[in-house]
Structure formats: structure tokens, C-alpha cells
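Just below is one structure, and these are the notes that go with it.
Rule-based calculations on the coordinates, nothing more; no lab input. Bear in mind that the values here come from a model prediction, so they are computed numbers and not experimental data. Glycine also receives a Cβ, built like all others from the backbone with ideal geometry; neighbour counts cover every protein chain displayed.
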Amino acid sequence: MNRHGIRIGRTIAFLGISGSGKGTQAERLLRALPRSVDISTGGAFRRIAARSNLVGRFTRRVLSRGEIMPYWAPAYVWLNAFFERLKGDESIIFDGAPRLVAEAEMMDDFMRDVGRPLPIAIYLELSPRAARERLLARGRADDNARAIAGRFAFFRRNVRPVIAYYRRHRRLIVINGEQSPAEVWRDIRTALQL
């Protein structure tokens, strides 16, 4: 129960380089945790990019270059999900977010304000070489060489400090992402005591 008398679930953020399997493992966790809600900024951005309006064209351009969406974009996705989908007792699973320390701090502030537990980050650790091979094999339209290089540079510059943030606050679980998806899932279940 939180301070408002509402039964609450867990808040879990999946972090990792592009191709590390964040989406795959987030889907598995979504099925394993009762009353859980997934919030995928990447999926939301791809849906927005498919629109023919101003923000859709802007998003499409940013994604095709492997660049980062502005800070307001993930906040919009999260807040929209919070306002529209959360009753209060669900577990929340973030797929690929937060990606900036400022986002991690904002997420912590929001969780504190509404009386939810602070997020635990699961970092799927994978080498850039293995990640590149996986990305090229999956053949998604935004998995071109330029976009991949941009996402890897972004990860080094921005997501690594987020990982350090969670480590510093003792809310980081590191999982060997070089393993098969089944082995990664086994390690996640063990770490979360599922």
C-alpha cells in the first residue's frame, strides 16, 4: 500500500543498447506480472512517425537519423499513459526508458508524488558488435547503418549515465544480454524473484 492507501505494483525500466532485447523481455514481464501496463516510448514514437501530420514528419526524420527525440516527447508518452491507463495498483514496465538522467529524475519525482515505488532498472548488457548483428538481422526500416551508429553514440553519451544513476541509487539489476532470450528471461525472473 502507498501513503494514499492504494495497493501498488512494481515499476521496472528496461535499459540497454539498441538490439539488446528490451522489447522482448518487457513483453515477457508484462505477461508474467498480473495487472501490468507497458509503456514503450520507442513503439509510441514509431506510431507517431506513421502519422502524416507535423509531429509525425518530425518524428520520422529524427528516427531515420538515429537521433534522440526532444525531452518533451518521452514525457508526453509517459504522462499520456499515466493519465489514460493507470488505476494505481498496476505494475508499470518501461521499455527503453528513461534515456536521459533528467528523464530518470523526472520519473522518480512523478513516482514519489503519486506514492508509487521508485523504478528498478534492468540493464540488458550487450556488446555493440552483437547488438549491430542483431539489428541488421531483424531488418526494421529504421535499422540502417547511419541510424544504428547514431543510436549507439546516443547510448554511450546518454544512457550510460542513466545506468550509473540507477547504480548509484542501488536500483540497478545487470543481466548478461549476450545470452539467448530464454536465458536472459531466466535471469530476470531470478533477479525479480518471480
*Sparse-neighbour loop sites [trypsin sites (Lys or Arg not before Pro); region 138-178; at most 16 other C-beta within 10 Å; DSSP]*: 140, 170
*Assuming R0 = 35 Å, what is the FRET efficiency of residue 179 and residue 67, from their Cβ-Cβ distance, to the nearest 0.05?*
0.70
*Any idea how far apart residue 113 and residue 127 come out in nm if each label point goes 7 Å out from Cα toward Cβ?*
4.3
*asked:* With the alpha-carbon atoms as the only input, what is the per residue convex hull volume for the chain in Å³?
replied: 115
*Tell me, what is the FRET efficiency for residue 157 and residue 192 to the nearest 0.05, using R0 = 41 angstrom and their Cβ-Cβ distance as r?*
0.90
_Given charges at beta-carbon only (K, R positive; D, E negative), |dipole| of region 62-102 in Debye_ = 120
*Between rounded, prolate and oblate, where does region 143-194 land on the alpha carbon gyration tensor, with a ≥ b ≥ c its root eigenvalues, rounded for a/c under 1.5, else prolate if a/b exceeds b/c?*
oblate
*With only Lys, Arg, Asp and Glu charged, each at its Cβ (+1 for the first two, -1 for the last two), find how big the charge dipole of the chain is about the Cα centre; round to the nearest 20 debye.*
300
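Could you grab the relative contact order for region 115-194? Cα pairs under 8 Å, six or more apart, rounded to a whole percent.
Numbers: 47 pairs, mean separation 38.6, N = 80.
So the answer I get is 48 percent.
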*Report the one residue of 58, 145, 92 whose Cα lies farthest in the direction of the positive end of the charge dipole of region 11-192 (charges on C-beta: Lys and Arg +1, Asp and Glu -1; origin at the Cα centre).*
145
_Counting only helical runs of four or more DSSP H residues, what would the 222 nm mean residue ellipticity of the chain come to if each run contributes -39,500 (n - 2.57) and the total is spread over all its residues?_
-16000 deg cm²/dmol
*Once amide H atoms are placed 1.01 Å from N in the peptide plane, what residues at a sequence separation of 5 or more from residue 36, or on another chain, have their amide H within under 5 Å of its amide H?*
91
_What does the net charge come to around residue 51 if you take all other residues with beta carbon closer than 10 Å to its beta carbon, with K and R at +1 and D and E at -1?_
+3
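Please report the equivalent ellipsoid semi-axes of region 23-64, computed as sqrt(5 x eigenvalue) of the Cα gyration tensor, largest first, in whole Å.
Semi-axis lengths for region 23-64 are 28, 10, 6 Å.
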*By counting other Cβ atoms within 10 Å of each Cβ, how are 36, 127, 91, 180 ranked from fewest to most?*
180, 127, 36, 91
*Sorted from largest down, what three extents in whole angstroms do the Cα atoms of region 96-192 have along their principal axes?*
42, 30, 22
*asked:* Can you tally the net charge around residue 92? Count Lys and Arg as +1, Asp and Glu as -1, for every other residue whose Cβ sits under 11 Å from the Cβ of residue 92.
replied: 0
*Once the Cβ-Cβ distance between residue 82 and residue 27 is put in as r, and R0 is 25 Å, what FRET efficiency do you end up with, to the nearest 0.05?*
0.80
*Which residues' amide hydrogens lie under 5 Å from the amide hydrogen of residue 174, considering only partners 5 or more residues apart or on another chain, with H built in the peptide plane?*
123
